[in-house]
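Below is one structure; the comments refer to it alone.
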Amino acid sequence: MAKLPPEMISRTYRPDVLVVGAGCAGIAASVAAAEMGASVLVVESSGFAGGFITAVMGPGLDGMFDTVTGEVVLGGIAQDIMEDVQGVSRARQREGRFRHGGDLTAESGADSHKVVDETSLEPVDLDLEHFKVYADARLEQAGAEVLYHSRAAGLHSSDEVIESVIVANKSGLSEVRPTFIVDCSGDADIAAWAGNPYDSDPERAQPMTLHFRMGNVSIGPDLVAHCSDVLRDAHAAGMIPPYGGPYMLKLGEGDVLINATRLRADRTDAEDWSRAEVESRKQAWTMFKLFKERVPECVDAYYISSGPETGARETRRIRGEYQLTVDDVRSQRRFDDAIVLGAWYLDRHRAESAGFHEHPQTRPYDIPFRTLIPLKSKNLLVAGRCHSATQEALASSRVTGTAMGMGEAAGVAAAIAVASNISAAKNIPAADVRAELRRRGAILH
């Protein structure tokens, strides 16, 4: 976009590093860069940090554990969260066999409707409100400046360098003139607006989902099966569109989080995203009424809330210096520039199917630093589900814990670039990034 006239600019910021988005990737990027001495400004459209965890109500750091052994595979800031928010000591983490706490549904196949019996694994829960407060405190302690209720709205780029980003909020339009930028928007907004190549296939992308909570549910061994039967029959009768699971998570006594709504929509299109919000609320409310009317365990249930927004699993994926493939994931390929271990299932939801889907297991695999480096803009890195990966590989690498590991690496890299006067992301030594990540407690091969 063209530069705005000075009279339209309410304020100018000149941070070393601008982080766009304060989800899991953005929190980690901001904290890491600030702790390394860079001045950091982070802009976030919500009134709180946390992204998928808090804005979509997804209470877990997926990808924290090897899904086969239960061993922790993420270190650094993710380990801090396990200790400070989830209450799991570092000593216990080192010993550990873990699972995501309270999960009422198995992870794959014909037994997906049965209650999991994982008595050899220790459950780990994540309190959403505690996480919001923790994220605020961690950003403040690191020295990062945060602008909530603020959204990147455009940019000016010259000679493959992003010179300024326009931020819109209640103060009007502000201009941010950073040295380096980390795009943690989830949708590669900055990368796309700056003309960097990316892939996006809304017709094949994974569906969006609105999580919702029910209270006063009588949680028993047949709850998921009963809810599954009701949704299957309602779908066959044309009462509801294709749905997922239902995947259900126990948050407390009688308090259940449901992941079941599904719709195909493009979050990067404002009109389509608005349609998705309306339709997903309708789906969630219809499902609640069906459960209350037809599921014995839900006759006295009430609707607590839905997530603040409908969550996207996949939108834009940059084309980076390297593209992670599903063969890399399945073969546990090792990379010299690896900056985080991925460990989540190949968890590809499909908009056109109903019920549970397979979750092929993976073992820990490397995600290279090059997947965070766009092909055009020199002073830009990305982190999170918009990194450079094929659709199939993204089914694993897109999740919250893995995004946090990518974000920490991007923040470290940006701080190194600023301190060393490195003008292009592709010239940042991956060995230096890996060394600093190890110093910060990252788990790398």
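The values are calculated or read from the model by the stated rules, or taken from the named source; none is laboratory data. Note that this is a predicted model, so its numbers are computed, not measured. Cβ placement follows ideal geometry from the backbone for every residue including glycine, while neighbour counts extend to all protein chains displayed.
When you go through Arg317, Arg330, Arg350 one by one, which is the residue that is more than 19 Å from the chain's Cα centre (by Cα) and either surrounded by fewer than 18 Cβ atoms within 10 Å (Cβ to Cβ) or under 21 Å from Asp189 (Cβ atoms) (or both)? Every option except Arg330 fails the conditions. Is there a residue in the range 363-375 that is buried (at least 24 other Cβ atoms within 10 Å of the Cβ), part of a loop (DSSP other than H, G, I, E, B) and over 15 Å from the mean Cα position of the chain (by Cα)? Among the residues of the range 363-375, at least one is buried (at least 24 other Cβ atoms within 10 Å of the Cβ), part of a loop (DSSP other than H, G, I, E, B) and over 15 Å from the mean Cα position of the chain (by Cα), which makes the answer yes.
Only one of Arg385, Arg434, Arg334 is assigned to a helix (DSSP H, G or I), of a type outside the set (A, V, I, L, M) and at pLDDT 95 or above. Can you tell me which? Working first, answer last.
Values: Arg385 fails: assigned to a helix (DSSP H, G or I); Arg334 fails: assigned to a helix (DSSP H, G or I).
Answer to the selection: Arg434.
Each residue in the range 238-273 was checked for being without any contact (Cβ under 8 Å) to a residue 24 or more places away in the chain and either of a type in the set (Ser, Thr, Tyr) or surrounded by 20 or more Cβ atoms within 10 Å (Cβ to Cβ) (or both), and 0 pass. Taken across the range 216-237, residues that are modelled with pLDDT of 95 or more, surrounded by fewer than 23 Cβ atoms within 10 Å (Cβ to Cβ), in a loop (DSSP other than H, G, I, E, B) and touching a Gly at 6+ places or on another chain (Cβ under 6 Å) do occur, with at least one present.
Within the range 282-305, is even one residue within 22 Å of the chain's Cα centre (by Cα) and within 20 Å of Arg204 (Cβ to Cβ)? Let's see the steps before the verdict.
First, the residues of the range 282-305 that are within 22 Å of the chain's Cα centre (by Cα): 284, 305.
Okay, now just the ones that are also within 20 Å of Arg204 (Cβ to Cβ), so none.
No.
For the range 28-56, filtered to residues that are within 11 Å of the chain's Cα centre (by Cα) and among the aliphatic types (A, V, I, L, M), the residue that is farthest from Leu139 (Cα to Cα) is Val56.
Go through the range 348-389 residue by residue and tally those that are among the β-branched types (Val, Ile, Thr) and touching a Lys or Arg at 6+ places or on another chain (Cβ under 8 Å).
The total comes to 2.
Mind listing whichever residues of the range 14-53 are surrounded by fewer than 24 Cβ atoms within 10 Å (Cβ to Cβ) and polar (S, T, N, Q)? Within the range 14-53, Ser39, Ser45, Ser46 qualify. Within the range 149-178, being among the polar types (S, T, N, Q) and either in a strand (DSSP E or B) or surrounded by fewer than 17 Cβ atoms within 10 Å (Cβ to Cβ) (or both) holds for Ser157, Ser158, Ser164, Asn169, Ser171, Ser174. I'm checking my understanding of the structure. Among residues of the range 246-292 that are among the basic types (Lys, Arg) and part of a loop (DSSP other than H, G, I, E, B), which one is nearest to Asp187 (Cα to Cα)? It comes out as Arg267.
Say whether the condition of being aliphatic (A, V, I, L, M) and within 26 Å of Ala424 (Cα to Cα) is met by at least one residue in the range 341-364.
First pass over the range 341-364, keeping only residues aliphatic (A, V, I, L, M): 341, 343, 346, 351, 354.
Applying the additional criterion that residues be within 26 Å of Ala424 (Cα to Cα) yields 341.
Checked the range 341-364: at least one residue is aliphatic (A, V, I, L, M) and within 26 Å of Ala424 (Cα to Cα).
Quick one: which residue in Ser185, Ser274 is of a type in the set (Ser, Thr, Tyr) and in the same structural domain as Gln391 (by the TED database)? Exactly one residue qualifies, and that residue is Ser185. Scanning the range 224-241 for residues that are under 29 Å from the mean Cα position of the chain (by Cα) and closer than 14 Å to Phe288 by Cβ turns up Cys227, Leu231, Ile240.
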